[in-house]
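The values are calculated or read from the model by the stated rules, or taken from the named source; none is laboratory data. Note that the structure is predicted; figures quoted are calculated from it, not measured. Here the Cβ is made from the backbone with ideal geometry for all residues, glycine too, and neighbour counts use every protein chain on show.
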């Protein structure tokens with residue numbers, strides 16, 4: 001079993017879900033007392049959020065590189081970044097480490113294609129929805145058309161994430177807002193919805209809407225386990 005290196009803390013609530021999912025998936029596959037070999041490097045989200053607001057992606061790149069290198073030096077065999085937005089730093093992480101990096105958009109794209117969908121909505125922070133780092137992989141590598149909400153709704157989603165979800169606050173009124181946004185996007189022809197922020201599954205699940213929901217946290221965690229166990233030989 002390979003050791004998974006998880007860059008977490010963005011937020012710690014979603015990192016806890018990653019850890020839970022990874023270990024449950026290993027146990028589900030291997031059974032018995034098996035659990036994941038995993039190293040967590042949890043950063044201080046206050047520092048990350050401040051630099052995001054400042055638009056200082058050079059410093060954010062450096063922080064993510066340092067976190068990834070620490071995991072590699074600690075013995076991780078593969079890397080995952082437990083946040084959608086900070087995959088803006090993925091190219092620099094890959095350039096400055098020598099172990100495989102599993103991109104969350106790649107894992108998500110494979111899952112969407114397995115459902116034979118070709119047009120989906122992308123919900124997340126404004127960084128994720130408005131920049132190309134996520135949409136580009138889905139469009140170029142998987143031929144998936146990505147639709148994002150209008151500017152007003154993008155601002156609403158961003159506020160819900162940063163003012164509520166990353167603080168552990170789950171509000172019913174915000175759930176209703178998200179459900180309406182998804183319904184509006186259905187009218188534009190989307191066949192499914194990507195929850196492109198690791199906190200969004202705390203608010204919205206597949207039971208809340210009537211189109212497929214792609215929980216990127218779950219997809220990413222399970223894909224990491226698949227990589228970690230790819231060459232495992234279970235003695236009979």
In the range 186-227, which residues are surrounded by 23 or more Cβ atoms within 10 Å (Cβ to Cβ) and in a helix (DSSP H, G or I)?
-> 200, 216, 217, 220, 221, 224, 225
When the range 125-149 is checked residue by residue, the ones that are assigned to a loop (DSSP other than H, G, I, E, B) and modelled with pLDDT of 95 or more are 143, 144, 148, 149
Could you figure out which of (1) under 19 Å from residue 105 (Cβ atoms); (2) crowded, with 17+ Cβ neighbours inside 10 Å; (3) in contact (Cβ under 8 Å) with a residue 24 or more places away in the chain isn't true of residue 166?
-> (1)
Go through the residues of the range 103-123 one by one and say whether even a single one is part of a helix (DSSP H, G or I) and more than 20 Å from residue 222 (Cα to Cα).
-> no
Hey, among the residues in the range 111-127 that are surrounded by 14 or more Cβ atoms within 10 Å (Cβ to Cβ) and out of contact with any strand residue (DSSP E or B) (no Cβ under 7 Å at 6 or more places or on another chain), which one's farthest from residue 186 (Cα to Cα)?
-> 127
For the range 62-105, enumerate the residues that are closer than 15 Å to residue 134 by Cα and surrounded by fewer than 17 Cβ atoms within 10 Å (Cβ to Cβ).
-> 91
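Which residue, of 210, 184, is outside the structural domain of residue 28 (by TED's automatic domain parsing), under 19 Å from residue 116 (Cβ atoms) and out of contact with any strand residue (DSSP E or B) (no Cβ under 8 Å at 6 or more places or on another chain)? Before the answer, list the steps.
Working: 184 fails: under 19 Å from residue 116 (Cβ atoms).
None of the other options fit; the residue is 210.
Quickly run through the range 49-78 and pick out the residues that are assigned to a helix (DSSP H, G or I), under 19 Å from the mean Cα position of the chain (by Cα) and under 13 Å from residue 7 (Cβ atoms).
60, 61, 63, 64, 65, 67, 68, 71
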